[in-house]
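Trainee: After the structure tokens below, expect a handful of questions from me.
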Amino acid sequence: ESLDYDAVYNASFRENAKTWEDNTRRRIWGYSGATLGRWVLTVVIGVLTGFIAFFLGAAVEHVTLWKMGVVERILNPCSADPEHPGCGENDQSSIVAPWSAFGAFCGLNAALAMAGAVPTVFFAPEAAGSGIPEVMGYLNGVHVQQIMRLRTLVVKLFATFCAVASGLAVG
């Protein structure tokens, strides 16, 4: 099924359009039930998209703050726990571990990126990429295999979460 963006101007269409309009029942606010259903579905999809985006952003921020807390505790344990051994006034400079913190930062980011890549590769390869070309093709009548499945959505959301939390640029 495809969407037609341009109006059809031919004799056959004009002859059948009048008959079709006469047979169409207008029910609620001048719309047929199918049209009202489409509007309701559009609103529901918009609200669900907003909720998903909000929770995705909140989860990314939570994991990013946790990740930075881990790196901070490794970089300077005295800032996280003043009672840590070796956190006296004279000993604080000797406990700072920048290379360990850098390794933890890189390791956590790599683990998050890998956690997002594995389900995409093995469970839903159609979730890779931005999805804009697939949706445009679908709207123009091209049948894209398995693009509108729940598994694709779940893997896409999880992979996006992991990619953004790991610091990768996602558009």
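The values are calculated or read from the model by the stated rules, or taken from the named source; none is laboratory data. Note that the structure is a prediction, hence the values are computed from the model and not measured. Glycine also receives a Cβ, built like all others from the backbone with ideal geometry; neighbour counts cover every protein chain displayed. Remember, those area values only see protein heavy atoms, side chains included, never the ligands or the DNA or RNA. Shrake-Rupley method; radii C 1.70, N 1.55, O 1.52, S 1.80 Å.
Trainee: Only one of these is open to solvent by 100 Å² or more (accessible area, probe 1.4 Å) and either at pLDDT below 65 or in a loop (DSSP other than H, G, I, E, B) (or both): GLU21, GLU15, GLU61. Name it. Please lay out each step first, then the result.
Mentor: Details: GLU15 fails: either at pLDDT below 65 or in a loop (DSSP other than H, G, I, E, B) (or both); GLU61 fails: either at pLDDT below 65 or in a loop (DSSP other than H, G, I, E, B) (or both).
Sole residue among the options that is open to solvent by 100 Å² or more (accessible area, probe 1.4 Å) and either at pLDDT below 65 or in a loop (DSSP other than H, G, I, E, B) (or both): GLU21.
Trainee: Further question: Which ones in the stretch 125-157 are open to solvent by less than 60 Å² (accessible area, probe 1.4 Å), touching a helix residue (DSSP H, G or I) at 6+ places or on another chain (Cβ under 7 Å) and more than 19 Å from LEU56 (Cα to Cα)?
Mentor: Those that are open to solvent by less than 60 Å² (accessible area, probe 1.4 Å), touching a helix residue (DSSP H, G or I) at 6+ places or on another chain (Cβ under 7 Å) and more than 19 Å from LEU56 (Cα to Cα): GLU126, VAL144, ILE147.
Trainee: Cβ-Cβ below 7 Å, separation at least six or inter-chain, first residue in the stretch 42-63 and closer than 17 Å to GLY116 by Cβ, second among the hydrophobic types (A, V, I, L, M, F, W, C): which pairs?
Mentor: From the stretch 42-63, the pairs are ILE52/LEU157; LEU56/LEU157; LEU56/PHE161; ALA59/PHE161; VAL60/PHE161; VAL60/VAL164; VAL60/ALA165; VAL63/ALA165.
Trainee: In the stretch 24-44, which residues are of a type in the set (A, V, I, L, M), part of a helix (DSSP H, G or I) and modelled with pLDDT under 95?
Mentor: Of everything in the stretch 24-44, those that are of a type in the set (A, V, I, L, M), part of a helix (DSSP H, G or I) and modelled with pLDDT under 95 turn out to be ALA34, LEU36, VAL40, LEU41.
Trainee: Okay, next question. Starting from the stretch 145-171, take each residue that is more than 10 Å from GLU126 (Cα to Cα) and touching a residue at least 24 places away in the same chain (Cβ under 8 Å) and list its partners that are of a type in the set (Ser, Thr, Tyr) and open to solvent by less than 30 Å² (accessible area, probe 1.4 Å), counting only C-beta distances under 7 angstrom and pairs at least six apart or across chains.
Mentor: The qualifying pairs are ALA159/THR120.
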